[in-house]
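Below: the structure, in structure tokens.
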Amino acid sequence: MVGSGGREHALAWKVAQSEHCSELHAAPGNPGIAKIGHCHPVRAEDGEGLLAFCGEHEFDLVVVGPEAPLVAGVADQLRHAGVAVFGPSAAAARIEGSKSFAKDVMASAGVPTAERLSVARPPCVIKADGLAAGKGVFVCRTQEELDAGLQAAGGRGESLVIEELLEGDEVSIFAICDGREAVPLAPAQDFKRVGDGDTGPNTGGMGAYSPVPSFGPTETDELLATIHRPVLTELSRRGSPFVGLLYAGLMITDNGPRVLEFNCRFGDPETQSIMPRLEGDLLELLHEAATGSLSGSVHAGKTAAVTVVLAAQDYPAQNDVGSPIDGVDDAEANGALVFHAGTAMRGDRLITNGGRILNVTEVGEDLAAARAGAYEGVGRISFAGMRYRTDIAADAEARVG
């Protein structure tokens, strides 16, 4: 497992349950993953280090979690050495690495997306073209927001993409792909803004829930047919077949679904809500995709899951490093799943080490039960300056309640 965040912890937690998993190793991993596997001081972006590490072990599968190593070509380095990898090539990962490239692919594939604008006028959306860890998108409803968005996005030194501002309900649809076929996972919805009521700047994600009301298997299959599969076909036509997790962030408008973004990896924190609901052997499915023989499937149970992100006081502007964390064992003892996102160990003491620190997930018979359990778990954890949203899944709970 390549990576060190909450997404990688959730994936490691799930694949470790497989009867086919005899050993789990992570590079570099985190204190949560260390409880279920072996962590090694190899950075996710260090292709040469990963290659040497794989040469020392006979790994049956490498799963690359974060987007930056994928866009940089880590999966290519490992594949060229004969290692089975779940994660796209650098050429296919451009679907996330370049907003302009993604727009071009969608246009060729006939996939509906937000209209690209030639002039920035409110309302609109400003996007930095390259990777931005979820922080390069600026929704501009006023001239003041547009001025601030242009300054912030332009300060990244990249080209910009200007799009129409779409309104509707957002949903994340994940599909495991082997270059030709696609197997869907349960839909989820995440919360990108830092503050309650979707206020404040965009972040990597402050929480998520699954299932999403009105998005069952039928609706998900329809979205795969109109969104994911045409993109797979187009990337293959271009000589860049996509092997890995193709994530479509969608806006369901009055005129139908529109793609907001494509990502080349599992979403974070949606993965932390999807994994606990999955029934079936995820590891087997990932291996099938990596070896070009995708034939199985996994299904979501009838349960619901809600994930709340615990972040540093000044996130997303600044991280927090070195603050002691209390209450994780207590939360887990009372039924919560606590996925480590930005933590470290100082001796035998768990401390903060990032912007998003922990992800607290609860599984329940419905969204109301899952939401109540997640926040109950949150209440047992503390560290200096801990911040979180209090409205994760509140609207969805009200809709289904």
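Throughout, read-outs are computed from the coordinates displayed, never taken from laboratory work. Quick caveat, the model's predicted, so the values are computed rather than measured. We place every Cβ from the backbone using ideal geometry, glycine too, and count neighbours over all the protein chains shown.
Points to keep in mind about this one:
- What the phi angles of segment 352-363 give under the Karplus curve with 6.51, -1.76 and 1.60, with θ = phi - 60°, is a coupling list of 6, 7, x, x, 8, 8, 9, 10, 9, 10, 10, 9 Hz, glycine and proline written as x.
- Peptides 231-244, 314-327, 264-277, 179-192, ordered by how many other C-beta atoms sit within 10 Å of their residues on average, highest first, read 264-277, 179-192, 231-244, 314-327.
- Evaluated at q = 0.25 Å⁻¹: base-10 log I(q)/I(0), Debye formula over Cα of segment 344-401: -1.05
- Between Gln143 and Gln318, the FRET efficiency from the beta-carbon distance, with R0 = 30 Å, is close to 0.60.
- What you get for segment 90-204, charging only the Cβ of Lys and Arg (+1) and of Asp and Glu (-1), is a dipole of about 340 debye around the Cα centre.
- Computed about the Cα centre, the dipole magnitude for segment 59-106 is approximately 140 debye when only Lys and Arg (+1) and Asp and Glu (-1) carry charge, each at its Cβ.
- Between segment 276-315 and segment 334-369, the alpha-carbon centres lie 17 Å apart.
- Candidate membrane-span-like segments in the chain, meaning DSSP H helices with Cα atoms spread over at least 18 Å of their own axis and a Kyte-Doolittle mean of 1.0 or above, do not occur, with no membrane implied either way.
- Residues whose placed amide H lies under 5 Å from that of Ser323, excluding near-sequence neighbours: Thr352
- Computed from Cα atoms alone, the Kirkwood hydrodynamic radius reported for segment 163-256 is 14.5 Å.
- Counting lysine pairs in the chain that sit 8 or more residues apart in sequence, or on different chains, and whose Cα atoms lie under 23 Å apart gives 11.
- 3J(HN,Hα) from dihedral phi, segment 186-197, Karplus parametrisation 6.51/-1.76/1.60, rounded to Hz, x for glycine, proline: 5, x, 9, 10, 10, 10, 7, 6, 6, x, 3, x
- Amide hydrogen neighbours beyond the local backbone of Gly207, cut-off 5 Å, H modeled: Phe191, Val309
- Where Rh is the Kirkwood radius over Cα pairs, Rg/Rh for the chain: 0.94
- The shape of segment 88-190 can be summarised by an equivalent ellipsoid whose semi-axes, obtained from the alpha carbon gyration tensor, come to 26, 16, 13 Å from longest to shortest.
- Most tightly packed first, judged by the mean number of other beta-carbon atoms within 10 Å of their residues, the peptides 117-124, 7-14 read 7-14, 117-124.
- Amide H contacts under 5 Å for Phe86, placed H, 5+ residues apart: Val62, Val63, Val64
- All-pairs alpha carbon distance profile, segment 305-401, 10 Å steps from 0, percent: 18, 47, 27, 7, 1
- Largest GNM mean-square fluctuation among Gly195, Gly377, Gly82, using the chain with Cα springs under 10 Å: Gly82.
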